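The values are calculated or read from the model by the stated rules, or taken from the named source; none is laboratory data. On a predicted model such as this, the values are computed, not experimentally measured, just so you know. Don't worry about glycine lacking a Cβ; one is built from the backbone with ideal geometry, like all the others, and counts go over all protein chains shown. Keep in mind that these areas ignore ligands, DNA and RNA; they rest on the heavy atoms of the full protein, side chains included. Shrake-Rupley method; radii C 1.70, N 1.55, O 1.52, S 1.80 Å.
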Amino acid sequence: MTTNVEFGLDVSTGRAVLGVPADCPNPERNRYLAYVAGRYSVPVCETLADTVAEALALLAEVVA
(Lines give C-alpha, C1' and ligand atoms only; values in the text may rest on other atoms or scores of the structure.)
Protein backbone atom coordinates (compact mmCIF):
# COMPACT_ATOMS: atom_id res chain seq x y z
CA MET A 1 0.00 0.00 0.00
CA THR A 2 1.36 3.39 -0.91
CA THR A 3 0.18 6.93 -1.48
CA ASN A 4 0.11 8.73 -4.81
CA VAL A 5 3.04 10.85 -3.62
CA GLU A 6 5.17 7.84 -2.69
CA PHE A 7 4.36 6.12 -5.98
CA GLY A 8 5.26 9.29 -7.85
CA LEU A 9 8.65 9.35 -6.15
CA ASP A 10 9.34 5.69 -7.00
CA VAL A 11 7.81 5.35 -10.46
CA SER A 12 10.86 6.55 -12.38
CA THR A 13 13.40 4.50 -10.43
CA GLY A 14 12.79 1.23 -12.25
CA ARG A 15 12.02 -0.38 -8.89
CA ALA A 16 8.23 -0.20 -8.86
CA VAL A 17 5.41 -2.65 -9.53
CA LEU A 18 1.76 -1.64 -9.32
CA GLY A 19 -0.97 -4.01 -8.17
CA VAL A 20 -4.45 -2.94 -9.30
CA PRO A 21 -7.17 -5.53 -8.60
CA ALA A 22 -9.69 -5.82 -11.42
CA ASP A 23 -12.51 -6.14 -8.88
CA CYS A 24 -11.49 -3.13 -6.78
CA PRO A 25 -14.59 -1.51 -5.22
CA ASN A 26 -13.45 1.97 -6.38
CA PRO A 27 -11.44 1.45 -9.60
CA GLU A 28 -11.42 5.18 -10.31
CA ARG A 29 -8.95 5.55 -7.45
CA ASN A 30 -6.41 3.46 -9.36
CA ARG A 31 -6.95 4.87 -12.84
CA TYR A 32 -4.34 7.62 -12.52
CA LEU A 33 -1.78 5.33 -10.88
CA ALA A 34 -2.18 2.86 -13.76
CA TYR A 35 -1.83 5.71 -16.26
CA VAL A 36 1.40 6.94 -14.64
CA ALA A 37 2.72 3.38 -14.43
CA GLY A 38 2.14 2.99 -18.15
CA ARG A 39 4.03 6.20 -18.91
CA TYR A 40 7.08 4.85 -17.08
CA SER A 41 6.77 1.19 -18.20
CA VAL A 42 6.03 0.05 -14.65
CA PRO A 43 4.42 -3.41 -14.61
CA VAL A 44 0.74 -3.33 -13.66
CA CYS A 45 -0.71 -6.55 -12.24
CA GLU A 46 -4.28 -7.49 -11.36
CA THR A 47 -3.67 -10.11 -8.67
CA LEU A 48 -1.58 -10.16 -5.53
CA ALA A 49 0.20 -13.31 -6.70
CA ASP A 50 1.13 -11.69 -10.04
CA THR A 51 2.24 -8.50 -8.29
CA VAL A 52 4.52 -10.40 -5.92
CA ALA A 53 5.91 -12.53 -8.76
CA GLU A 54 6.66 -9.42 -10.82
CA ALA A 55 8.32 -7.72 -7.85
CA LEU A 56 10.49 -10.79 -7.19
CA ALA A 57 11.48 -10.96 -10.87
CA LEU A 58 12.39 -7.27 -10.77
CA LEU A 59 14.43 -7.84 -7.63
CA ALA A 60 16.26 -10.74 -9.26
CA GLU A 61 17.23 -8.43 -12.15
CA VAL A 62 18.50 -5.75 -9.80
CA VAL A 63 20.53 -8.16 -7.68
CA ALA A 64 22.05 -9.99 -10.67
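Structure above, values below:
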{"item": "Residue in segment 22-32 that is under 13 Å from the mean Cα position of the chain (by Cα), within 18 Å of THR3 (Cβ to Cβ) and modelled with pLDDT of 90 or more present", "result": "no"}
{"item": "Residue, surrounded by the fewest Cβ atoms within 10 Å (Cβ to Cβ), within segment 40-64, restricted to residues that are β-branched (Val, Ile, Thr) and modelled with pLDDT under 85", "result": "VAL63"}
{"item": "Residue count for segment 37-51, restricted to those that are over 10 Å from the mean Cα position of the chain (by Cα) and β-branched (Val, Ile, Thr)", "result": "1"}
{"item": "Filter result (open to solvent by 40 Å² or more (accessible area, probe 1.4 Å), assigned to a helix (DSSP H, G or I) and closer than 23 Å to LEU56 by Cβ) within segment 1-39", "result": "GLU6, LEU9, ASP10, SER12, THR13, GLY38"}
{"item": "Odd one out for ALA49, checked against (1) farther than 22 Å from SER12 by Cβ; (2) not in a helix (DSSP H, G or I)", "result": "(2)"}
{"item": "One residue from GLU28, GLU46, GLU61, GLU54 being touching a strand residue (DSSP E or B) at 6+ places or on another chain (Cβ under 7 Å) and of a type in the set (Asp, Glu)", "result": "GLU54"}
{"item": "Test: residue in segment 19-28 that is in contact with a Leu (Cβ under 9 Å, 6 or more places away or on another chain) and among the charged types (D, E, K, R)", "result": "no"}
